[in-house]
Amino acid sequence: MPQTKAPIAVALDAPDVETAARWANAVTPYVSVVKVGLELFCRTGPSIVETVRGGTGVGLFLDLKLHDIPNTVAGAARSVARLKPKYLTVHAGGGAAMVRAAVEAAPDVCIAAVTVLTSLNDEALGAIGLAGPPQDAVRRLAVLAVGAGAGALVCSPQEVSLVRSEVGPDVVLITPGVRPAGADAQDQARVATPEQALRDGADLLVIGRPITGAADPGAAAARIAAALS
Ligand code: C5P
């Protein structure tokens, strides 16, 4: 077992609780964080958190992407803070007051702000009033979120060096869209290898299907972790 766990958050995008628990159990010896997203949380409720932690000290990334008026986001953040996640996501597009409300409601949780969803292309961004290069919106929202107290940002591997230069060294940069060399990109449009993403300034790599879709998720996590050590 490695001394230091790899800076990887395994996305437990599982169809049921049993599968999520099995994946979590297989990967926690090798990775620092497991990520529970909206689908699993909405299906199972908060009990999923203890199920995937399984008594281990693995960090929990609660990827709920909260986006509402500040008072409501504060209430939601307070509600899930009792689950002691390490990270909780909110949309930076909810505005500075909303991000700050989450930060203040959950002071022991690292609030991670999503800048621009990587699923939005230039046309889709224009349609929601964010015309112009996506990098401009990413940069603007990153600065807004950090100014409002967010301790982490979620951004694509392509944006990580730009965001790092905007926000400095102290903000945790989390990147999905990570694929080991030779792996299938699946529906991720802009991917980078784990090594490249870390070199560009990422602190935590979100990796799902290259690990959970493998015949042996534990072995896949161990392999990727070893390549990073
Ligand atoms: O399986 P894969 O490695 O593509 O999983 C990536 C995870 O990161 C998924 O849980 C997905 O919802 C999440 N994510 C993403 N792109 C974003 C934000 C989150 O892929 N911009």
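Quick note: the coordinates plus some simple rules give every number you see, no bench work behind them. Note that the structure is a prediction, hence the values are computed from the model and not measured. Ideal geometry is used to build each Cβ from the backbone, glycine not excepted, and the neighbour counts take in all protein chains shown.
The table below lists the values:
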quantity	calculated
Additional length obtainable on full extension of the chain from residue 196 to residue 181, 0.36 nm per residue less Cα span	4.4 nm
Helix-only mean residue ellipticity at 222 nm for the chain, each DSSP H run of n ≥ 4 adding -39500 (n - 2.57), per residue, nearest 500	-12000 deg cm²/dmol
Net lengthening on full extension, residue 226/residue 170 (0.36 nm per residue, minus Cα-Cα)	17.6 nm
Pairwise FRET efficiency - residue 96 versus residue 131, Cβ, R0 = 25 Å, nearest 0.05	0.70
Theoretical gain in end-to-end length, residue 189 to residue 42 [0.36 nm per residue, Cα-Cα removed]	50.3 nm
